[in-house]
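The values are calculated or read from the model by the stated rules, or taken from the named source; none is laboratory data. Owing to the predicted nature of the structure, the values given are computational and were not obtained by experimental measurement. Quick reminder, even Gly has a Cβ in these numbers, built from the backbone with ideal geometry, and neighbours come from all protein chains shown.
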Amino acid sequence: MLWQEDKKAAPFSVPDTVADLSFSLISKQVPLDHAQQLSDELLKILPWIADEPRAGIHMIHGATTGNGWNRPEGDYEDACIYLSKRSKMQIRMPKTRYEDMNALIGKTIQLNGHDVTFGEYQIKPFTPLGTLFCRYAIVGDNETEDQFVGRVAGNLKAMGINLTKALCGMGHTFKMAKGPTRTMSIMVADLDPEDAVTLQVNGIGEGRKAGFGLFIAHKGIKAVGDMSEMQHFDGT
């Protein structure tokens, strides 16, 4: 007689090769549209970030409302994001560069006249959970939502990830050095743990040094819409 029990899959362990460094901030407010300025100022202090392919500079966000940060209505030139003493900003970085990031601690930059001072940072490992959210992914001037989602599916397929569920959200336009840059948010769901980490490491599209194309953890798709609203893919 032969009796073999099914082997249980080993629990997935998130690799620590890349993570988000969450810096405390001392600042009362920052411009709503600060992607270009923040990137430029940080690269003055840490110029090597420009050549670090896995580095990403998240934009600064205000207090959370409900399940996530709510961007102020409109894209006004003088609009600001008001910050609290608990405000943070994150910089995505490979582990081999953590020590180099200490050079940012205590530094002060200006964003449209507003001082922003960086404090100590904490390491935030990537999530293995299957629902991820990208606040700002760059879209083409004439790219439709369906075309955008199709392109994202192709990007993920190139990483070995089969996208099965995706939901687009609001779009915004940023003033960048190369001109106005359109973005759209996108949430993806039902990822395997390995795929979730791969997507966080790689991101999608251009502009990760200014906060574009970076995926973060999300509590769940039901917070933004019913599952029936999601686009489904068959992987082809």
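It is to be established whether one or more residues within region 58-78 are among the aliphatic types (A, V, I, L, M), surrounded by 11 or more Cβ atoms within 10 Å (Cβ to Cβ) and modelled with pLDDT of 95 or more. Yes: one or more hits.
The set of residues in region 125-163 being assigned to a loop (DSSP other than H, G, I, E, B) and of a type in the set (Val, Ile, Thr) consists of 127, 131, 139, 144, 161.
Checked against (1) farther than 29 Å from residue 179 by Cβ; (2) without any contact (Cβ under 8 Å) to a residue 24 or more places away in the chain, residue 113 meets all criteria but (1).
Within region 27-49, none of the residues are small (Gly, Ala, Ser), modelled with pLDDT under 95, part of a loop (DSSP other than H, G, I, E, B) and outside the structural domain of residue 197 (by TED's automatic domain parsing). Please work out if residue 194 is part of a loop (DSSP other than H, G, I, E, B), surrounded by fewer than 20 Cβ atoms within 10 Å (Cβ to Cβ) and not assigned by TED's automatic domain parsing to the domain that holds residue 62. Criteria not met by residue 194. One residue stands out among those in region 97-135 that are among the aliphatic types (A, V, I, L, M), over 20 Å from the mean Cα position of the chain (by Cα) and within 30 Å of residue 171 (Cα to Cα): the one that is surrounded by the most Cβ atoms within 10 Å (Cβ to Cβ), which is 116.
On the stretch given as region 147-176, residues that are over 29 Å from residue 12 (Cα atoms) and touching an Asp or Glu at 6+ places or on another chain (Cβ under 8 Å) total 4.
If you go through region 139-172 and keep only what is under 19 Å from residue 210 (Cβ atoms) and surrounded by fewer than 13 Cβ atoms within 10 Å (Cβ to Cβ), you end up with 140, 141, 170.
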